[in-house]
1. Which numbered condition in (1) at pLDDT below 95; (2) surrounded by 13 or more Cβ atoms within 10 Å (Cβ to Cβ) is the only one that Pro25 fails?
2. Tell me which residues, restricted to the range 468-488, are free of Cβ contacts under 8 Å to residues at least 60 places away in the same chain and either assigned to a loop (DSSP other than H, G, I, E, B) or β-branched (Val, Ile, Thr) (or both).
3. Of the residues Glu300, Glu355, which is within 26 Å of Glu157 (Cβ to Cβ) and at pLDDT 95 or above?
4. Is it the case that the range 101-115 has a residue that's in contact with a Pro (Cβ under 7 Å, 6 or more places away or on another chain) and among the aromatic types (Phe, Trp, Tyr)?
5. Within the range 52-66, can you find the residues that are within 19 Å of Tyr33 (Cα to Cα) and over 29 Å from the mean Cα position of the chain (by Cα)?
6. Considering the range 71-106 alone, what residues qualify as being over 14 Å from Asp288 (Cβ atoms), at pLDDT 95 or above and in contact with a helix residue (DSSP H, G or I) (Cβ under 7 Å, 6 or more places away or on another chain)?
7. Taking the range 137-157, which residues are at pLDDT 95 or above and either in contact with an Asp or Glu (Cβ under 9 Å, 6 or more places away or on another chain) or not aliphatic (A, V, I, L, M) (or both)?
8. Going residue by residue through the range 264-286, is there one that turns out to be out of contact with any helix residue (DSSP H, G or I) (no Cβ under 6 Å at 6 or more places or on another chain), small (Gly, Ala, Ser), in the same structural domain as Val164 (by TED's automatic domain parsing) and not in a helix (DSSP H, G or I)?
Amino acid sequence: MTHSAHARRAPENDSPPTIDHQHAPILEGIIAYQQQDIVPFSTPGHKLGAGADAELFATFGERAFQSDIPLGGGVGDTHFSGDALGQAQALAADAWGADRSFFLLNGSSAGNHAFLMAAVRPGDKVIVSRDLHKSLLVALILTGATPVYLAPRLHPELNVGLGVTADEVAQTLDEHPDARLVMLVSPSYCGVASDLAGIAAVAHARNVPVHVDEAWGPHFHFHPALPPSAMSSGIDGAVASTHKVLGSLTQAAILNVQGTLVPPDRVRTTVGMAQTTSPSVLILASIDAARRQMALHGHELLDRAIALADDARRRLQAFPGIAVLDAAQLGVAAFDLTKLVIDVDGLGITGYEAEHALRNRFRVGPEMSDLVGVVCLVTIGDSEASLDRLVDAFTALAEEHYKGEIGRRGSRSSGAVVAPSVLAMTPRDAFFAPSRAIPLEEAVGEISSELVIPYPPGIPVLAPGETVTADKVAYLREGAAHGMYLSGPTDTKLRTIRIVAA
């Protein structure tokens, strides 16, 4: 649940003396600049749109270009007096229940990089859930930390990740008492949340901080029917992508931190290292405004989104050949009720085929597709009309393709995706080691030197330093044959893969 707008004072030296969520300091700074009728002799070079390409200007609109001004010398003066960003971040910290919050311009990826750089040093051990996002793997490469991979539990039939338990984290910490950080993803791409409070408790008992990639859960803190948020669970650091399911612009995200196990001033420093020195106030203002919207109206907006998703899930589950994941089916306690994970395996088609039909015939755009289904996001921007269009499209697909009960042909993912392989080298050492390309089918037993990541959801099947297994090769060959998009490998068709040269 959201915190009271006046419940507490924000951290010293980072905020105005009181919290008033009616304000959006960065957005207000843009409006004030526009009212001053300033002739700019500063970046950006388009000079309020005057120098922009005509088609670009017409597509984006005059107001967008008039709002694309500098943070220093635009929203504030060139010496950053007034500190609109600091005020906005203090309001965000209050809204998400954090001690400090940092606005991110390169998505949650920048926050993952920054927190790891603040928390660990080269060679430090990090307990990592193996369903880590690409950006967490890159953070391991950047820091030179040594991962101790922890495989999430999988549903025995669906192969959907069920998160990690506090007992599993405790056992791994006992086996690796020199670990300096626990790092995991919650919620998963399919909406399953781990027991963050329990994990925080067992880690803190050993004086170990916890970082959570909560990119898909920026809304959790604002409604009690959703899983508990990272901050309310006592997590030390968590990124949340406000652009994924809230109302901010693409790339907008936030890093929330609390406690002292990882010094917040060091996090501030590493955030500055991981971010551009030319911040887009369009993105910053959109985070500021999304915070205001959620702090003031989040509960009612999410009430509506959850109800729309529940109704759509019920209607879709009634179609023969279509299955929609839910908490009861997965046997989990914490599940994102706004996410529709729709399997079409029973229709005898792949998720890729379903997405192609949805986009090209019905003009419905899902978030992603895989071998067995599609994922659709329901957000505060949806309506009865948008959900009706989605359900109508699946009605047509079901009527066209359902031929009676068939055996399940596949599962939403493979255990090969999240199964840790033998870690022969650290990700950093393997990434920078001399390498050579060999045919994929000949790579079994070799050490991968590159990232091989089906996208979305961005979970690495192969990470630098891991020994390539036959299961992973088989999964990647099947996915590539069906049009799976792969991020990371030099050969995007995956006919070859780069391995560490002997």
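1. Among (1) at pLDDT below 95; (2) surrounded by 13 or more Cβ atoms within 10 Å (Cβ to Cβ), Pro25 violates only (1).
2. Val468, Thr469, Val473, Tyr485
3. Numbers: Glu300 fails: within 26 Å of Glu157 (Cβ to Cβ).
Step by step, each of Glu300, Glu355 is checked, and only Glu355 is within 26 Å of Glu157 (Cβ to Cβ) and at pLDDT 95 or above.
4. Of all residues in the range 101-115, those in contact with a Pro (Cβ under 7 Å, 6 or more places away or on another chain) come to 105.
From what's left, among the aromatic types (Phe, Trp, Tyr): none.
No, there is no match, as no residue in the range 101-115 is in contact with a Pro (Cβ under 7 Å, 6 or more places away or on another chain) and among the aromatic types (Phe, Trp, Tyr).
5. Result: Gly61, Glu62, Arg63, Gln66.
6. Those that are over 14 Å from Asp288 (Cβ atoms), at pLDDT 95 or above and in contact with a helix residue (DSSP H, G or I) (Cβ under 7 Å, 6 or more places away or on another chain): Gly97, Asp99, Arg100.
7. Once the filter is applied, which keeps residues that are at pLDDT 95 or above and either in contact with an Asp or Glu (Cβ under 9 Å, 6 or more places away or on another chain) or not aliphatic (A, V, I, L, M) (or both), the range 137-157 yields Thr143, Gly144, Ala145, Thr146, Pro147, Val148.
8. yes
The values are calculated or read from the model by the stated rules, or taken from the named source; none is laboratory data. Keep in mind that this is a model prediction, so the values were computed, not measured. Ideal geometry is used to build each Cβ from the backbone, glycine not excepted, and the neighbour counts take in all protein chains shown.
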